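To keep things clear, I will list the structure first and then write my remarks on it.
Each value in this text was obtained by applying a stated rule to the coordinates, not by laboratory testing. Everything numeric in this text was worked out from a predicted model, so none of it was measured. Here Cβ is always computed from backbone atoms with ideal geometry, including for glycine, and neighbour counts include all displayed protein chains.
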Amino acid sequence: MRPVYTPPRHKPFFKRWISLQALSATVPGAIVQQFHDWPTEWGPTRLGFEKRLGSLYGQFAVGVLIEDGVKAIHPEDTHYRRLGDGPFFKRTAHVITGTVTARSLDGSRTVAWSLPANAYGSWAIATLWSPREFRNGESIAEWGTAGMGVTAGVNLAKEFWPDIRSIFHKKK
């Protein structure tokens, strides 16, 4: 018999709205979008940057609400746990598995419904304030998939960064 799983406590969504996570999820993206003047309708001005920042922050806040709402209905722990050792492909498979599955209350693996709900749902809602050309299913599919890719990329960094860092910081 498996031990009963107790999910880790995480910040309530109001505290997540004003956090380092909120800052890191919005500011870098707004800077990149400003540099590329995307979407062009918002222009390359300070006002355009404010719109980009506001849009990404709104999308982040909506995503947190969606993710926590799904977790309230389908309890799951989406916190990524590093494998830490083993061959590259085994660890990469662990990253992919850890991105699309989560731990359920009994400790088994289940589909991580909250992550795609956040990625696709937050973009779908963000299209309401985005330029008209992005208000379609193709855009939601494209950018929702990009959001899932960012989650996988973050997990990949969590898995391999300590190893990469140790190469450059060897003890003498």
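Each of residue 168 and residue 20 was given a label point 7 Å from its Cα along the Cα-to-Cβ line. The distance between the two points is 1.8 nm. Across the chain, C-alpha contacts under 8 Å between residues 6 or more apart give a mean separation that, scaled by the residue count, equals a relative contact order of 23 percent. Projecting the Cα atoms of 73, 119, 168 onto the charge dipole of the chain, computed from C-beta unit charges around the Cα centre, puts 168 farthest toward the positive end. Note on residue 47/residue 85: beta-carbon distance plugged into 1/(1 + (r/R0)^6) with R0 of 45 Å gives a FRET efficiency of 0.35. Considering only 34, 59, 21, the mean-square fluctuation computed in a Gaussian network model of the chain, springs between alpha carbons under 10 angstrom, is largest for 21.
Among the listed values (i) 1.02; (ii) 0.99; (iii) 0.97, the one matching Rg/Rh (Cα atoms, Kirkwood Rh) as calculated from this structure is (i).
Taken as entire DSSP H runs, the helices of the chain that both span 18 Å or more between Cα atoms along their own long axis and average 0.5 or more on the Kyte-Doolittle scale are 20-35.
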